[in-house]
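The values are calculated or read from the model by the stated rules, or taken from the named source; none is laboratory data. Predicted model, so just to flag it, every value in this text is computed and none were measured. Neighbour counts are summed over all protein chains in view; Cβ atoms, including those assigned to glycine, are modelled from backbone coordinates with ideal geometry. These area figures cover heavy atoms from the full protein model, side chains too; ligands, DNA and RNA do not enter into them. Shrake-Rupley method; radii C 1.70, N 1.55, O 1.52, S 1.80 Å.
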Amino acid sequence: QNVRRQAFLITGIVLSAALFFIILFSTTLTRPLEILVGTTKEIAKGNFDARAHISTKDEVGELAQAFDKMIDGLKERDKVKNLFNKFHGSGIANKLMTGEMKLGGEQREATVFFSDIRSFTSFSEKVSPQEVVDMLNEYFKIMVGLVGKNNGVVDKFIGDAIMAVWGAPESFGNDAANAITACLEMRIALATLNEGRLQRNLPEIRIGMGVHTGILIAGTIGSDDRMEYTVIGDTVNMASRIEAATKAYGTDLL
């Protein structure tokens, strides 16, 4: 009986020690994995500042280090995408990031918009360059926001002029209506902007807007080293001429 009791005691001690070490080992394995899962959820939310911070010397530690490097790559890619969005618009930026944007173009129907600030040359001659830049940035911020709000894409800035397109690189089915809605909202927003400028003893901004819908060529032009997405064709030229005609007709929208 004494030997049996000692055997049970030794067996219990061995099993308890084994269970302790099993729990300890499983914790060292599962805890880092839980951290990786939590970090993954943060990345899914768009938090690219999250890090695993696992410094173990085993395979899990190597996985965590690779994971942190991947996060750095995703963060850099997100910066590049945001930069592309500012310069090209989200639709074009997505195609650039996926490598879909190639040299060449396609024929499609789209709506082209041109706007121009009246008497901009004489205004820029009377004020400092910094005042010109401040005025343009204040004006562009509002107008570009309305273009994007109505599913348009700003193609380029030509001095004080804005060229925007609805229907390229992608169409939302009601491109012409979206373009006109944007123009009407621009008219209202400009009136509000001018009220603030008059209160600051600054001159009013008057613009002309021309809109035309038709067949054009949309695509990238340039070279493999430097390319630009744009639209070309008679439709674009006509939209520019229509904007210029607003002066002759004495209106801000034609």
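A few points about this structure:
- Projecting the Cα positions of SER171, ASN194, ALA161 onto the charge dipole of the range 152-211 (unit charges on Cβ atoms of Lys, Arg, Asp and Glu, taken about the Cα centre) puts ASN194 furthest along the positive direction.
- Over the range 173-220, equivalent-ellipsoid semi-axes from the Cα gyration tensor in Å: 31, 12, 8
- The charge dipole of the chain, taken about the Cα centre with unit charges on the Cβ atoms of Lys, Arg (+1) and Asp, Glu (-1), comes to about 940 debye, rounded to the nearest 20.
- Of (i) 18.0, 51; (ii) 22.9, 76; (iii) 30.8, 117, the label for Rg and Dmax of the Cα atoms in Å derived from the coordinates: (iii)
- Descending by average beta-carbon neighbour count within 10 Å, the peptides 208-221, 137-150, 177-190 line up as 208-221, 177-190, 137-150, the highest first.
- Surface composition of the chain: carbon and sulfur atoms hold 58% of the protein heavy-atom accessible area at a 1.4 Å probe.
- Candidates SER55, SER240, SER119: whichever shows maximal mean-square fluctuation once the chain is modelled as a Gaussian network with Cα springs under 10 Å: SER55
- A 1.4 Å probe run over the chain, with the rest of the protein chains in place, finds 62 Å² accessible per residue.
- Stokes-Einstein diffusion coefficient of the range 123-249, Kirkwood radius over Cα pairs, 4 °C, 1.567 mPa s, in µm²/s: 81
- Accessible heavy-atom area order of ILE43, ILE13, highest first, probe of 1.4 Å: ILE13, ILE43
- The alpha-carbon positions of the range 21-74 define a convex hull whose volume is 60 Å³ per residue.
- Amide H contacts of LEU253 (H built 1.01 Å from N, in plane; Pro and chain starts excluded): MET209 sit under 5 Å, all sequence-distant by 5 or more or on other chains.
- Distant-in-sequence amide H partners of ARG206 (H built 1.01 Å from N, under 5 Å): ARG118
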